[in-house]
Amino acid sequence: LNKKGFFLVKFMRNFGLYLHWPFCLSKCPYCDFNSYVAGALQEERWEKALLKEMKALSEMMEEEGGLSTIFFGGGTPSLMSPRLVGRLIEGAQGFWPVTESELEITLEANPQTVDLKNFEGFRRAGVNRLSLGVQSFCDEELRFLGRIHSSDQAVKAILEAQAIFSRFSIDLIYALPRQTQERWQQTLEQVMTFEPRHLSCYQLTFEPQTPFYKRFDRGELAYPPEELALDFYTQTERFLKKQGLLAYEVSNYAAPGEESRHNLIYWRGQDFVGVGPGAHGRFHVKGGGRVAQDNTRTPAAWLRAVEAGESSTLTPLSAKDTFEEWLLMGLRLREGIRMEEAFLRTGKPWDEWVNPDKLERLEQEGLVEMAPEMLKVTRAGRLVLNALVRELFFCGEYFN
Ligand code: SF4
């Protein structure tokens with residue numbers, strides 16, 4: 001490895017911790033996340049189990065870099081007590097070395113579950129970035145989405161979050177059935193009045209096993225026509241760019257330097273470890289090799305497994321798995337992927353994975369751009385990203 005190679009390996013070895021809290025107050029009809037409605041919980045039992053799993057995973061991991069981010073996702077992690085959040089942050093800092101001057105610690109919150117006091121508690125516990133699931137400012141749309149907060153509650157939560165957290169992000173959903181571009185524009189304009197420096201804007205999809213999917217299957221719900229869906233996307237990207245928020249990933253927009261460092265870890269193919277029911281990870285293990293980590297999915301089964309001393313399932317990742325996953329995630333980013341990293345990640349150079357003729361054709365079609373070291377997807381390419389990545393996968397399959 002040359003000097004740059006060593007730098008890249010070191011950079012790639014900083015890792016993130018994802019903590020999954022699988023409970024919500026109610027289940028939204030579009031949601032296919034691993035989340036459940038639960039009554040009273042024994043927080044102490046959960047604390048013990050989460051810390052036990054963290055410790056077990058930290059003993060398996062090979063640490064060349066250090067812990068750089070923690071992300072509390074769910075579910076609705078704002079239903080956790082600030083005390084529990086604080087204990088888990090302390091635990092993580094004890095199990096892993098921290099190399100960054102300040103960890104990025106994000107917590108997802110729903111407007112219905114928070115108030116100023118909670119926010120202050122989370123901040124004191126160490127959370128320094130909040131991701132708020134607002135989804136819409138229109139009560140009718142919120143009701144359609146099955147959200148239990150109102151537009152007023154969303155506004156109140158944003159104002160309170162702003163008062164406590166210097167870094168916060170807002171999630172919105174668009175392309176709802178019968179939603180017009182004018183209506184979506186009003187949502188975008190309203191969200192910008194809060195001067196967010198990070199936004200996630202997701203297109204509504206009907207995921208299998210959800211109540212929305214059943215309605216979609218019966219013909220009661222439909223996607224907007226393809227052209228309108230593209231118009232929504234273009235409208236979002238153009239408007240937010242004018243406001244200084246750049247699409248650094250397909251659904252994520254940020255002012256320069258305000259990108260989610262944790263999510264960049266996923267998209268850049270760095271290591272991360274997942275703690276909690278159904279959490280996943282990708283990391284290097286002691287003794288060599290990189291693995292996919294998968295946890296038991298349901299909360300009760302996960303608790304039993306961890307308490308019985310059973311840890312997550314680890315599956316070795318082949319060079320091909322690693323290459324395909326890196327391509328799939330990395331091309332979501334505007335910055336693209338550094339082709340020479342193929343060797344560092346898989347032991348084989350880029351040219352042995354990808355057929356240059358196919359790549360050249362995609363470039364001629366204006367779907368990808370080849371800068372000297374980087375492969376990037378163009379705006380036109382981002383609109384058909386999945387098909388494009390499939391095409392690149394085929395490059396690899398045919399070529400090898
Ligand atoms: S609050 Fe979030 S995680 Fe919970 S059911 Fe709704 S969309 Fe899913």
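The values are calculated or read from the model by the stated rules, or taken from the named source; none is laboratory data. Bear in mind the structure is a predicted one, so any value in this text is a computation, not a measurement. Methodologically, a virtual Cβ is constructed for each residue, glycine included, from the backbone with ideal geometry; neighbour enumeration extends over all protein chains shown.
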Could you say which residue among Val275, Val291 is touching a Ser or Thr at 6+ places or on another chain (Cβ under 8 Å), of a type in the set (Val, Ile, Thr) and crowded, with 18+ Cβ neighbours inside 10 Å? Val291
Single match in Glu227, Glu220, Glu207 (criterion: under 28 Å from Ala109 (Cβ atoms) and either of a type in the set (Asp, Glu) or modelled with pLDDT under 95 (or both)): Glu207
So, in the stretch 192-217, exactly how many residues are over 21 Å from Asn34 (Cα atoms) and not in a helix (DSSP H, G or I)? 7
Scanning the stretch 67-122 for residues that are away from the ligand (no atom under 16 Å from the Cβ) and among the aromatic types (Phe, Trp, Tyr), which turns out surrounded by the fewest Cβ atoms within 10 Å (Cβ to Cβ)? Phe95
Do any helices (runs of 4 or more DSSP H) lying entirely in the stretch 243-342 carry at least 2 residues that are under 18 Å from the mean Cα position of the chain (by Cα), and which ones are they? 261-267, 319-330
Give the residue that is nearest to the chain's Cα centre (by Cα), with candidates limited to residues of the stretch 176-204 that are at pLDDT 95 or above and charged (D, E, K, R). Arg197
Keeping to the stretch 158-184, report how many residues are of a type in the set (Asp, Glu) and within 16 Å of the ligand (Cβ to nearest atom). 1
Assigned to a helix (DSSP H, G or I) and surrounded by fewer than 17 Cβ atoms within 10 Å (Cβ to Cβ): does that describe Glu189? yes
Of the residues in the stretch 21-66, those that are closer than 25 Å to Asp115 by Cα, more than 16 Å from the ligand (Cβ to nearest atom) and touching a helix residue (DSSP H, G or I) at 6+ places or on another chain (Cβ under 6 Å) come to Glu43, Glu47
Subset of the stretch 123-157 (residues that are within 16 Å of the ligand (Cβ to nearest atom) and either under 21 Å from the mean Cα position of the chain (by Cα) or touching a residue at least 60 places away in the same chain (Cβ under 8 Å) (or both)): Leu130, Ser131, Leu132, Gly133, Val134, Gln135, Ser136, Leu145, Gly146, Arg147, Ile148
If you go through the stretch 11-20 one residue at a time, how many are surrounded by 14 or more Cβ atoms within 10 Å (Cβ to Cβ) and either more than 16 Å from the ligand (Cβ to nearest atom) or farther than 30 Å from Tyr213 by Cα (or both)? 6
Of the residues that make up the stretch 327-346, is at least one closer than 16 Å to Gln293 by Cα and surrounded by fewer than 19 Cβ atoms within 10 Å (Cβ to Cβ)? no
Please tell me if Gln162 is in a loop (DSSP other than H, G, I, E, B), polar (S, T, N, Q) and either surrounded by 20 or more Cβ atoms within 10 Å (Cβ to Cβ) or touching a Phe, Trp or Tyr at 6+ places or on another chain (Cβ under 7 Å) (or both). no
Any chance the stretch 297-304 includes a residue that's surrounded by fewer than 16 Cβ atoms within 10 Å (Cβ to Cβ), touching a residue at least 40 places away in the same chain (Cβ under 8 Å) and farther than 30 Å from Phe165 by Cβ? yes
Scan the stretch 257-275 and tell me whether some residue there is within 18 Å of Met60 (Cβ to Cβ) and among the basic types (Lys, Arg). no
